[in-house]
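Participant: The following block contains the structure, expressed as C-alpha coordinates.
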(Lines give C-alpha, C1' and ligand atoms only; values in the text may rest on other atoms or scores of the structure.)
Protein backbone atom coordinates (compact mmCIF):
# COMPACT_ATOMS: atom_id res chain seq x y z
CA UNK A 1 0.00 0.00 0.00
CA UNK A 2 1.39 3.38 -1.02
CA UNK A 3 2.37 5.62 1.88
CA UNK A 4 0.26 8.79 2.18
CA UNK A 5 2.47 11.78 2.88
CA UNK A 6 1.53 14.99 4.61
CA UNK A 7 1.46 18.10 2.38
CA UNK A 8 4.65 19.41 3.98
CA UNK A 9 6.57 16.20 3.42
CA UNK A 10 5.20 15.89 -0.11
CA UNK A 11 6.47 19.38 -0.89
CA UNK A 12 10.02 18.33 -0.04
CA UNK A 13 9.65 15.10 -2.01
CA UNK A 14 8.50 17.04 -5.10
CA UNK A 15 11.49 19.38 -4.83
CA UNK A 16 13.81 16.43 -4.38
CA UNK A 17 12.42 14.71 -7.48
CA UNK A 18 13.24 17.80 -9.52
CA UNK A 19 16.76 17.85 -8.06
CA UNK A 20 17.27 14.14 -8.76
CA UNK A 21 16.15 14.62 -12.37
CA UNK A 22 18.65 17.50 -12.84
CA UNK A 23 21.46 15.48 -11.29
CA UNK A 24 20.65 12.46 -13.46
CA UNK A 25 20.82 14.64 -16.57
CA UNK A 26 24.13 16.14 -15.40
CA UNK A 27 25.53 12.67 -14.61
CA UNK A 28 24.54 11.35 -18.04
CA UNK A 29 26.54 14.18 -19.57
CA UNK A 30 29.56 13.42 -17.39
CA UNK A 31 29.49 9.77 -18.47
CA UNK A 32 30.12 10.90 -22.05
CA UNK A 33 33.37 12.66 -21.12
CA UNK A 34 36.86 11.18 -21.41
CA UNK A 35 38.48 9.38 -18.48
CA UNK A 36 40.89 12.15 -17.48
CA UNK A 37 38.13 14.76 -17.61
CA UNK A 38 35.94 12.67 -15.32
CA UNK A 39 38.87 12.12 -12.96
CA UNK A 40 39.55 15.86 -12.78
CA UNK A 41 35.98 17.15 -12.50
CA UNK A 42 34.05 14.18 -11.14
CA UNK A 43 30.49 14.86 -9.98
CA UNK A 44 31.11 18.46 -8.90
CA UNK A 45 29.20 20.54 -11.45
CA UNK A 46 28.79 24.22 -12.12
CA UNK A 47 25.38 24.32 -10.43
CA UNK A 48 26.96 23.35 -7.12
CA UNK A 49 29.97 25.61 -7.61
CA UNK A 50 27.87 28.74 -8.00
CA UNK A 51 25.01 27.71 -5.71
CA UNK A 52 27.48 27.69 -2.82
CA UNK A 53 27.96 31.42 -3.27
CA UNK A 54 31.76 31.29 -3.21
CA UNK A 55 32.58 29.74 -6.58
CA UNK A 56 35.04 27.23 -5.14
CA UNK A 57 36.83 25.34 -7.93
CA UNK A 58 37.63 22.31 -5.76
CA UNK A 59 35.03 20.23 -3.93
CA UNK A 60 34.66 21.46 -0.34
CA UNK A 61 35.25 19.46 2.82
CA UNK A 62 32.14 18.95 4.94
CA UNK A 63 33.64 17.98 8.31
CA UNK A 64 30.33 18.36 10.15
CA UNK A 65 28.93 15.21 11.72
CA UNK A 66 25.33 15.94 10.81
CA UNK A 67 22.90 17.89 8.64
CA UNK A 68 20.40 20.42 9.99
CA UNK A 69 16.84 20.37 8.62
CA UNK A 70 14.56 23.30 7.88
CA UNK A 71 11.63 21.79 9.73
CA UNK A 72 10.08 18.53 10.89
CA UNK A 73 8.69 17.78 7.42
CA UNK A 74 12.15 17.85 5.83
CA UNK A 75 13.57 15.74 8.67
CA UNK A 76 10.81 13.14 8.21
CA UNK A 77 11.41 13.04 4.47
CA UNK A 78 15.18 12.80 4.91
CA UNK A 79 15.31 10.13 7.58
CA UNK A 80 12.63 8.16 5.77
CA UNK A 81 14.90 8.04 2.70
CA UNK A 82 12.26 9.86 0.67
CA UNK A 83 14.67 12.59 -0.43
CA UNK A 84 18.45 12.77 -0.92
CA UNK A 85 19.98 13.53 2.45
CA UNK A 86 23.22 13.10 4.30
CA UNK A 87 21.63 13.46 7.76
CA UNK A 88 24.59 11.93 9.65
CA UNK A 89 28.14 11.32 8.41
CA UNK A 90 28.13 7.71 9.56
CA UNK A 91 25.62 7.12 6.78
CA UNK A 92 26.46 9.75 4.21
CA UNK A 93 28.59 12.87 3.74
CA UNK A 94 28.78 15.32 0.80
CA UNK A 95 32.57 15.16 0.41
CA UNK A 96 32.51 11.36 0.54
CA UNK A 97 29.69 11.43 -2.02
CA UNK A 98 31.87 13.31 -4.51
CA UNK A 99 34.53 10.60 -4.18
CA UNK A 100 31.96 7.79 -4.46
CA UNK A 101 30.47 9.29 -7.60
CA UNK A 102 33.83 9.91 -9.24
CA UNK A 103 35.04 6.39 -8.48
CA UNK A 104 31.81 4.89 -9.83
CA UNK A 105 32.02 7.00 -13.00
CA UNK A 106 35.61 5.88 -13.60
CA UNK A 107 34.92 2.19 -12.92
CA UNK A 108 31.90 2.22 -15.23
CA UNK A 109 33.74 4.20 -17.94
CA UNK A 110 33.02 2.62 -21.29
CA UNK A 111 30.33 0.32 -19.86
CA UNK A 112 26.81 0.15 -21.23
CA UNK A 113 25.43 -0.31 -17.71
CA UNK A 114 25.68 2.23 -14.92
CA UNK A 115 27.10 1.64 -11.45
CA UNK A 116 27.12 3.21 -7.99
CA UNK A 117 29.84 3.58 -5.38
CA UNK A 118 30.26 3.35 -1.62
CA UNK A 119 33.38 4.47 0.22
CA UNK A 120 34.47 2.96 3.52
CA UNK A 121 37.03 3.50 6.25
CA UNK A 122 39.54 1.01 4.77
CA UNK A 123 40.03 -1.51 2.01
CA UNK A 124 39.30 -4.40 4.37
CA UNK A 125 36.02 -2.79 5.45
CA UNK A 126 35.08 -2.48 1.77
CA UNK A 127 35.66 -6.20 1.20
CA UNK A 128 33.78 -7.13 4.37
CA UNK A 129 30.83 -4.88 3.51
CA UNK A 130 30.67 -6.24 -0.04
CA UNK A 131 30.58 -9.92 0.90
CA UNK A 132 28.67 -10.10 4.19
CA UNK A 133 25.12 -9.75 2.81
CA UNK A 134 25.86 -12.53 0.33
CA UNK A 135 26.58 -15.03 3.10
CA UNK A 136 23.83 -13.93 5.46
CA UNK A 137 21.36 -16.77 4.85
CA UNK A 138 21.76 -20.48 5.60
CA UNK A 139 22.50 -23.00 2.89
CA UNK A 140 20.20 -25.48 1.21
CA UNK A 141 19.09 -28.45 3.30
CA UNK A 142 20.98 -27.09 6.28
CA UNK A 143 24.36 -27.36 4.53
CA UNK A 144 27.07 -24.78 5.08
CA UNK A 145 27.17 -22.00 2.55
CA UNK A 146 30.43 -21.37 0.72
CA UNK A 147 32.18 -19.00 -1.62
CA UNK A 148 35.04 -19.56 -4.03
CA UNK A 149 38.15 -17.40 -4.05
CA UNK A 150 41.51 -17.37 -5.75
CA UNK A 151 44.15 -18.38 -3.20
CA UNK A 152 46.40 -15.54 -4.36
CA UNK A 153 44.89 -12.72 -2.32
CA UNK A 154 46.15 -10.10 0.10
CA UNK A 155 46.94 -11.53 3.56
CA UNK A 156 44.14 -9.58 5.22
CA UNK A 157 41.63 -10.96 2.71
CA UNK A 158 42.95 -14.48 3.32
CA UNK A 159 42.42 -14.03 7.08
CA UNK A 160 38.93 -12.56 6.60
CA UNK A 161 37.89 -15.45 4.37
CA UNK A 162 39.63 -18.29 6.16
CA UNK A 163 38.92 -17.25 9.76
CA UNK A 164 36.26 -14.56 10.14
CA UNK A 165 33.86 -15.91 7.51
CA UNK A 166 34.34 -19.43 8.84
CA UNK A 167 33.27 -18.14 12.25
CA UNK A 168 30.04 -17.05 10.58
CA UNK A 169 29.52 -20.44 8.99
CA UNK A 170 30.63 -19.49 5.47
CA UNK A 171 33.40 -21.72 4.12
CA UNK A 172 35.92 -20.53 1.57
CA UNK A 173 37.00 -22.84 -1.24
CA UNK A 174 40.41 -21.90 -2.63
CA UNK A 175 41.30 -21.94 -6.31
CA UNK A 176 45.06 -22.40 -6.52
CA UNK A 177 45.22 -21.88 -10.30
CA UNK A 178 42.70 -19.08 -10.97
CA UNK A 179 43.72 -18.82 -14.63
CA UNK A 180 42.11 -22.28 -15.14
CA UNK A 181 38.35 -21.86 -15.60
CA UNK A 182 37.76 -25.55 -14.86
CA UNK A 183 39.35 -25.11 -11.43
CA UNK A 184 36.61 -22.56 -10.63
CA UNK A 185 33.80 -24.63 -12.08
CA UNK A 186 34.72 -27.71 -10.03
CA UNK A 187 34.24 -25.84 -6.75
CA UNK A 188 30.86 -24.19 -7.39
CA UNK A 189 27.67 -25.81 -6.10
CA UNK A 190 24.14 -24.78 -5.07
CA UNK A 191 25.39 -23.28 -1.81
CA UNK A 192 28.06 -21.10 -3.42
CA UNK A 193 27.23 -17.40 -2.95
CA UNK A 194 29.90 -15.57 -4.95
CA UNK A 195 33.26 -15.85 -6.71
CA UNK A 196 36.17 -13.61 -5.72
CA UNK A 197 39.64 -12.80 -7.05
CA UNK A 198 42.27 -10.10 -7.25
CA UNK A 199 43.41 -8.89 -10.66
CA UNK A 200 46.36 -8.80 -10.57
CA UNK A 201 47.06 -10.35 -7.19
CA UNK A 202 49.24 -8.95 -4.44
CA UNK A 203 52.08 -9.89 -4.47
CA UNK A 204 52.20 -12.90 -6.77
CA UNK A 205 51.00 -11.16 -9.96
CA UNK A 206 48.39 -13.85 -10.55
CA UNK A 207 45.71 -13.17 -13.18
CA UNK A 208 42.46 -14.76 -14.21
CA UNK A 209 40.12 -14.53 -17.19
CA UNK A 210 37.59 -12.04 -15.83
CA UNK A 211 35.04 -12.50 -18.63
CA UNK A 212 35.12 -16.29 -18.42
CA UNK A 213 34.81 -16.39 -14.61
CA UNK A 214 32.01 -13.79 -14.74
CA UNK A 215 30.15 -15.93 -17.28
CA UNK A 216 30.55 -18.97 -15.02
CA UNK A 217 29.26 -17.03 -12.02
CA UNK A 218 26.24 -15.72 -13.90
CA UNK A 219 25.40 -19.17 -15.26
CA UNK A 220 25.15 -20.29 -11.62
CA UNK A 221 23.17 -17.20 -10.60
CA UNK A 222 25.86 -15.65 -8.40
CA UNK A 223 28.04 -12.51 -8.63
CA UNK A 224 31.74 -12.09 -9.34
CA UNK A 225 33.64 -9.72 -7.02
CA UNK A 226 37.01 -8.40 -8.17
CA UNK A 227 39.63 -6.64 -6.06
CA UNK A 228 41.13 -4.21 -8.57
CA UNK A 229 43.34 -2.27 -6.14
CA UNK A 230 46.52 -2.79 -8.16
CA UNK A 231 45.07 -2.19 -11.64
CA UNK A 232 42.73 0.71 -10.79
CA UNK A 233 40.25 1.88 -13.45
CA UNK A 234 43.19 3.42 -15.30
CA UNK A 235 44.25 -0.07 -16.45
CA UNK A 236 41.15 -2.25 -16.15
CA UNK A 237 37.47 -1.85 -15.40
CA UNK A 238 36.17 -5.30 -14.36
CA UNK A 239 32.52 -4.24 -14.81
CA UNK A 240 33.26 -3.90 -18.52
CA UNK A 241 34.13 -7.61 -18.59
CA UNK A 242 31.07 -8.83 -16.68
CA UNK A 243 32.09 -8.50 -13.01
CA UNK A 244 29.33 -7.42 -10.63
CA UNK A 245 31.26 -5.72 -7.84
CA UNK A 246 34.70 -4.08 -7.72
CA UNK A 247 36.48 -3.42 -4.43
CA UNK A 248 39.48 -1.21 -3.76
CA UNK A 249 41.87 -0.33 -1.01
CA UNK A 250 41.91 3.36 -1.92
CA UNK A 251 44.75 3.71 0.57
CA UNK A 252 46.99 2.16 -2.05
CA UNK A 253 47.33 3.17 -5.69
CA UNK A 254 44.56 5.78 -5.75
CA UNK A 255 45.96 7.43 -2.61
CA UNK A 256 49.57 7.34 -3.80
CA UNK A 257 50.63 10.21 -1.54
CA UNK A 258 49.92 8.18 1.59
CA UNK A 259 47.71 10.75 3.34
CA UNK A 260 44.55 8.73 3.97
CA UNK A 261 43.13 5.27 4.67
CA UNK A 262 40.03 4.30 2.71
CA UNK A 263 38.17 1.65 0.78
CA UNK A 264 35.76 1.64 -2.13
CA UNK A 265 32.97 -0.56 -3.49
CA UNK A 266 31.55 -0.06 -6.98
CA UNK A 267 28.64 -2.29 -7.99
CA UNK A 268 26.86 -2.43 -11.31
CA UNK A 269 23.13 -1.94 -11.22
CA UNK A 270 21.01 -5.10 -11.41
CA UNK A 271 23.81 -7.42 -10.37
CA UNK A 272 23.39 -11.17 -10.53
CA UNK A 273 22.47 -13.01 -7.33
CA UNK A 274 20.01 -15.78 -6.53
CA UNK A 275 20.16 -14.89 -2.84
CA UNK A 276 19.84 -11.12 -2.51
CA UNK A 277 16.43 -9.39 -2.45
CA UNK A 278 15.44 -7.48 -5.57
CA UNK A 279 15.93 -4.07 -3.95
CA UNK A 280 19.53 -5.00 -3.10
CA UNK A 281 20.32 -6.25 -6.60
CA UNK A 282 18.89 -3.14 -8.27
CA UNK A 283 21.53 -0.83 -6.74
CA UNK A 284 23.74 -2.84 -4.43
CA UNK A 285 26.08 -0.01 -3.40
CA UNK A 286 23.21 2.28 -2.47
CA UNK A 287 21.38 -0.51 -0.65
CA UNK A 288 24.54 -1.27 1.33
CA UNK A 289 24.85 2.40 2.27
CA UNK A 290 21.26 2.77 3.46
CA UNK A 291 21.03 -0.48 5.40
CA UNK A 292 23.98 -2.78 6.35
CA UNK A 293 26.59 -0.01 6.16
CA UNK A 294 24.40 2.34 8.19
CA UNK A 295 24.05 -0.26 10.93
CA UNK A 296 27.73 -1.28 11.15
CA UNK A 297 29.28 2.16 10.63
CA UNK A 298 32.62 1.71 8.78
CA UNK A 299 32.37 5.23 7.38
CA UNK A 300 35.09 7.22 5.64
CA UNK A 301 35.95 10.64 7.07
CA UNK A 302 35.37 13.76 5.00
CA UNK A 303 39.05 14.65 5.26
CA UNK A 304 40.13 11.25 3.90
CA UNK A 305 37.68 11.61 1.02
CA UNK A 306 39.08 15.06 0.22
CA UNK A 307 42.66 13.78 0.03
CA UNK A 308 41.72 10.72 -2.04
CA UNK A 309 39.50 12.69 -4.40
CA UNK A 310 42.30 15.10 -5.20
CA UNK A 311 44.80 12.29 -5.81
CA UNK A 312 42.31 10.53 -8.07
CA UNK A 313 42.53 13.42 -10.55
CA UNK A 314 45.97 12.40 -11.80
CA UNK A 315 45.45 8.62 -11.64
CA UNK A 316 46.05 7.74 -15.29
CA UNK A 317 49.17 9.90 -15.53
CA UNK A 318 50.68 8.35 -12.39
CA UNK A 319 49.85 4.81 -13.44
CA UNK A 320 51.48 5.32 -16.85
CA UNK A 321 54.66 6.72 -15.32
CA UNK A 322 54.96 4.21 -12.48
CA UNK A 323 54.27 1.30 -14.85
CA UNK A 324 57.08 2.39 -17.16
CA UNK A 325 59.44 2.70 -14.19
CA UNK A 326 58.49 -0.75 -12.95
CA UNK A 327 59.14 -2.34 -16.33
CA UNK A 328 62.64 -0.84 -16.37
CA UNK A 329 63.37 -2.14 -12.87
CA UNK A 330 61.94 -5.60 -13.66
CA UNK A 331 64.24 -5.95 -16.68
CA UNK A 332 67.23 -5.08 -14.52
CA UNK A 333 66.29 -7.61 -11.85
CA UNK A 334 65.63 -10.49 -14.23
CA UNK A 335 69.25 -10.22 -15.44
CA UNK A 336 70.78 -10.05 -11.96
CA UNK A 337 72.66 -13.19 -10.83
CA UNK A 338 71.44 -12.85 -7.24
CA UNK A 339 67.77 -12.85 -8.26
CA UNK A 340 66.23 -16.25 -8.83
CA UNK A 341 62.86 -15.21 -10.22
CA UNK A 342 61.01 -12.04 -11.17
CA UNK A 343 57.21 -11.89 -11.30
CA UNK A 344 56.03 -8.93 -13.31
CA UNK A 345 53.24 -9.27 -15.83
CA UNK A 346 55.00 -6.98 -18.29
CA UNK A 347 57.80 -9.50 -18.83
CA UNK A 348 57.04 -11.60 -21.91
CA UNK A 349 58.12 -14.86 -20.25
CA UNK A 350 55.62 -14.48 -17.39
CA UNK A 351 53.16 -17.37 -17.73
CA UNK A 352 50.19 -14.99 -17.67
CA UNK A 353 51.67 -12.21 -19.79
CA UNK A 354 49.29 -12.88 -22.71
CA UNK A 355 46.25 -12.93 -20.41
CA UNK A 356 47.40 -9.71 -18.75
CA UNK A 357 47.80 -8.06 -22.16
CA UNK A 358 44.12 -8.75 -22.85
CA UNK A 359 42.92 -6.98 -19.72
CA UNK A 360 45.52 -4.49 -18.50
CA UNK A 361 45.57 -1.61 -20.97
CA UNK A 362 46.05 2.07 -20.31
CA UNK A 363 42.64 3.71 -20.61
CA UNK A 364 42.00 5.85 -23.72
CA UNK A 365 45.34 4.65 -25.08
CA UNK A 366 45.02 0.89 -25.41
CA UNK A 367 48.68 0.11 -24.77
CA UNK A 368 49.25 -2.99 -22.59
CA UNK A 369 50.41 -1.54 -19.26
CA UNK A 370 51.09 -3.58 -16.14
CA UNK A 371 51.13 -1.36 -13.08
CA UNK A 372 53.54 -0.60 -10.25
CA UNK A 373 53.59 -3.92 -8.36
CA UNK A 374 56.13 -6.68 -8.82
CA UNK A 375 57.78 -9.37 -6.75
CA UNK A 376 61.08 -11.19 -7.01
CA UNK A 377 62.81 -14.05 -5.21
CA UNK A 378 66.35 -13.78 -3.92
CA UNK A 379 68.72 -16.54 -5.10
CA UNK A 380 69.66 -17.63 -1.60
CA UNK A 381 68.19 -18.20 1.82
CA UNK A 382 65.65 -16.36 3.96
CA UNK A 383 68.61 -14.88 5.86
CA UNK A 384 70.11 -13.63 2.58
CA UNK A 385 66.77 -12.06 1.73
CA UNK A 386 66.64 -10.20 5.02
CA UNK A 387 70.25 -9.04 4.54
CA UNK A 388 69.36 -7.58 1.16
CA UNK A 389 66.18 -6.01 2.56
CA UNK A 390 67.97 -4.39 5.48
CA UNK A 391 70.56 -2.89 3.12
CA UNK A 392 68.06 -0.82 1.13
CA UNK A 393 68.76 2.90 1.46
CA UNK A 394 66.40 4.78 -0.86
CA UNK A 395 63.55 2.29 -1.04
CA UNK A 396 61.40 2.34 2.09
CA UNK A 397 60.80 -0.84 4.10
CA UNK A 398 57.04 -0.73 4.63
CA UNK A 399 53.94 -2.87 4.19
CA UNK A 400 52.33 -0.18 2.06
CA UNK A 401 52.08 -0.24 -1.72
CA UNK A 402 51.10 1.98 -4.61
CA UNK A 403 53.04 4.92 -3.20
CA UNK A 404 54.65 7.73 -5.16
CA UNK A 405 57.74 6.70 -3.15
CA UNK A 406 59.09 3.20 -3.82
CA UNK A 407 58.43 0.73 -1.00
CA UNK A 408 59.35 -2.90 -0.43
CA UNK A 409 58.36 -5.60 2.03
CA UNK A 410 58.93 -9.27 2.75
CA UNK A 411 55.41 -10.76 2.53
CA UNK A 412 56.30 -13.89 4.52
CA UNK A 413 57.01 -11.82 7.64
CA UNK A 414 54.56 -8.98 7.06
CA UNK A 415 51.46 -8.89 4.87
CA UNK A 416 51.04 -12.69 4.77
CA UNK A 417 52.55 -13.66 8.12
CA UNK A 418 49.17 -14.19 9.78
CA UNK A 419 48.04 -16.91 7.39
CA UNK A 420 50.76 -19.32 8.55
CA UNK A 421 53.25 -21.44 6.65
CA UNK A 422 50.59 -23.70 5.14
CA UNK A 423 48.54 -20.73 3.95
CA UNK A 424 51.62 -19.06 2.46
CA UNK A 425 52.51 -22.26 0.64
CA UNK A 426 48.96 -22.41 -0.75
CA UNK A 427 49.26 -18.83 -1.98
CA UNK A 428 52.84 -19.18 -3.27
CA UNK A 429 54.63 -16.91 -0.78
CA UNK A 430 58.18 -18.22 -0.08
CA UNK A 431 60.44 -16.61 2.57
CA UNK A 432 62.78 -15.40 -0.18
CA UNK A 433 60.10 -13.29 -1.89
CA UNK A 434 60.40 -9.50 -1.96
CA UNK A 435 57.42 -7.36 -2.92
CA UNK A 436 58.47 -4.13 -4.59
CA UNK A 437 56.25 -1.23 -5.59
CA UNK A 438 58.12 1.17 -7.82
CA UNK A 439 57.12 4.80 -7.38
CA UNK A 440 57.67 8.01 -9.24
CA UNK A 441 61.44 8.29 -8.77
CA UNK A 442 63.76 8.01 -11.76
CA UNK A 443 64.18 4.25 -12.32
CA UNK A 444 67.98 4.56 -12.48
CA UNK A 445 68.01 5.63 -8.84
CA UNK A 446 65.74 2.76 -7.80
CA UNK A 447 68.00 0.32 -9.67
CA UNK A 448 71.11 1.75 -8.02
CA UNK A 449 69.61 1.13 -4.58
CA UNK A 450 68.61 -2.43 -5.47
CA UNK A 451 72.03 -3.13 -6.93
CA UNK A 452 73.96 -1.99 -3.88
CA UNK A 453 71.65 -3.97 -1.58
CA UNK A 454 72.01 -7.13 -3.68
CA UNK A 455 75.79 -6.80 -3.43
CA UNK A 456 75.46 -7.29 0.34
CA UNK A 457 74.58 -10.99 -0.11
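The values are calculated or read from the model by the stated rules, or taken from the named source; none is laboratory data. If you're wondering where the values come from, they're calculated on a predicted model, not measured in any experiment. Cβ: placed from backbone, ideal geometry, glycine included. Neighbour counts: every protein chain shown.
Participant: Can you work out which of the residues in region 395-417 that are out of contact with any helix residue (DSSP H, G or I) (no Cβ under 9 Å at 6 or more places or on another chain) and not in a loop (DSSP other than H, G, I, E, B) is farthest from residue 202 (Cα to Cα)?
Facilitator: Checked region 395-417; the qualifying residue farthest from residue 202 (Cα to Cα) is 396.
Participant: Scan region 87-107 and give yes if some residue there is assigned to a loop (DSSP other than H, G, I, E, B), within 14 Å of the chain's Cα centre (by Cα), over 18 Å from residue 37 (Cβ atoms) and in contact (Cβ under 8 Å) with a residue 24 or more places away in the chain, otherwise no. Please lay out each step first, then the result.
Facilitator: The first filter runs over region 87-107 and keeps only residues assigned to a loop (DSSP other than H, G, I, E, B), leaving 87, 89-93.
From what's left, within 14 Å of the chain's Cα centre (by Cα): none.
No, every residue in region 87-107 fails to be assigned to a loop (DSSP other than H, G, I, E, B), within 14 Å of the chain's Cα centre (by Cα), over 18 Å from residue 37 (Cβ atoms) and in contact (Cβ under 8 Å) with a residue 24 or more places away in the chain.
Participant: Considering 373, 454, which residue is under 20 Å from the mean Cα position of the chain (by Cα) and crowded, with 18+ Cβ neighbours inside 10 Å?
Facilitator: Of the residues listed, the single one that is under 20 Å from the mean Cα position of the chain (by Cα) and crowded, with 18+ Cβ neighbours inside 10 Å is 373.
Participant: Considering only residues that are part of a loop (DSSP other than H, G, I, E, B) and buried (at least 19 other Cβ atoms within 10 Å of the Cβ), look in region 140-156 and name the one that is modelled with the lowest pLDDT.
Facilitator: The residue in question is 154.
A quick yes/no check of all residues on (1) within 30 Å of residue 110 (Cβ to Cβ); (2) touching a strand residue (DSSP E or B) at 6+ places or on another chain (Cβ under 7 Å); (3) not in a loop (DSSP other than H, G, I, E, B):
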site: 370; (1), (2), (3): yes, no, no
site: 389; (1), (2), (3): no, yes, yes
site: 393; (1), (2), (3): no, no, no
site: 419; (1), (2), (3): no, no, yes
site: 431; (1), (2), (3): no, no, no
site: 440; (1), (2), (3): yes, no, no
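Participant: Taking helices (runs of 4 or more DSSP H) that do not extend beyond region 232-330, which have at least 3 residues that are farther than 25 Å from residue 82 by Cβ?
Facilitator: In region 232-330, the matching helices (runs of 4 or more DSSP H) lie at 232-235, 302-312.
Participant: Quick one: in region 160-177, of everything that is in contact (Cβ under 8 Å) with a residue 40 or more places away in the chain and not in a helix (DSSP H, G or I), which residue is surrounded by the most Cβ atoms within 10 Å (Cβ to Cβ)?
Facilitator: 174
Participant: On to the next question. Given the conditions (1) out of contact with any helix residue (DSSP H, G or I) (no Cβ under 7 Å at 6 or more places or on another chain); (2) within 21 Å of residue 232 (Cβ to Cβ); (3) touching a residue at least 12 places away in the same chain (Cβ under 8 Å), report the number of the one that residue 341 does not fulfil.
Facilitator: Exception for residue 341: condition (2).
Participant: Moving to a separate point now. When you look at residue 28, is it without any contact (Cβ under 8 Å) to a residue 60 or more places away in the chain and under 25 Å from residue 314 (Cα atoms), yes or no?
Facilitator: The answer is yes for residue 28.
Okay, residues lined up against (1) out of contact with any strand residue (DSSP E or B) (no Cβ under 6 Å at 6 or more places or on another chain); (2) within 17 Å of residue 183 (Cα to Cα):
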residue	(1), (2)
203	no, no
207	yes, yes
211	yes, yes
215	yes, yes
221	yes, no
235	yes, no
239	no, no
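Participant: I would also like to ask the following. So residue 329 passes all but one of these: (1) surrounded by fewer than 19 Cβ atoms within 10 Å (Cβ to Cβ); (2) in the same structural domain as residue 444 (by TED's automatic domain parsing); (3) on the phi < 0 side of the Ramachandran plot. Which condition number does it fail?
Facilitator: Exception for residue 329: condition (1).
Participant: Ok, one more. Do the conditions hold for residue 256, that is, is it out of contact with any strand residue (DSSP E or B) (no Cβ under 9 Å at 6 or more places or on another chain) and surrounded by 21 or more Cβ atoms within 10 Å (Cβ to Cβ)? Break it down stepwise before answering.
Facilitator: Values: out of contact with any strand residue (DSSP E or B) (no Cβ under 9 Å at 6 or more places or on another chain): yes; surrounded by 21 or more Cβ atoms within 10 Å (Cβ to Cβ): yes.
So residue 256 passes the test.
Participant: Select from region 269-285 the residues that are crowded, with 24+ Cβ neighbours inside 10 Å and more than 19 Å from residue 97 (Cβ to Cβ) and list them in ascending order.
Facilitator: 271
Participant: Among the residues of region 391-411, which ones are free of Cβ contacts under 8 Å to residues at least 60 places away in the same chain and more than 23 Å from the chain's Cα centre (by Cα)?
Facilitator: 394, 395, 396, 397, listed by residue number.
Participant: State all residues of region 25-63 that are out of contact with any helix residue (DSSP H, G or I) (no Cβ under 8 Å at 6 or more places or on another chain), modelled with pLDDT under 95 and surrounded by 11 or more Cβ atoms within 10 Å (Cβ to Cβ); if no residue qualifies, say none.
Facilitator: Hits for region 25-63 are 48, 49, 50.
Participant: With respect to residue 415, is the statement that it is without any contact (Cβ under 8 Å) to a residue 60 or more places away in the chain, within 19 Å of residue 326 (Cβ to Cβ) and either surrounded by fewer than 21 Cβ atoms within 10 Å (Cβ to Cβ) or within 21 Å of the chain's Cα centre (by Cα) (or both) true? Walk me through it before giving the result.
Facilitator: Working: without any contact (Cβ under 8 Å) to a residue 60 or more places away in the chain: no; within 19 Å of residue 326 (Cβ to Cβ): yes; either surrounded by fewer than 21 Cβ atoms within 10 Å (Cβ to Cβ) or within 21 Å of the chain's Cα centre (by Cα) (or both): yes.
No.
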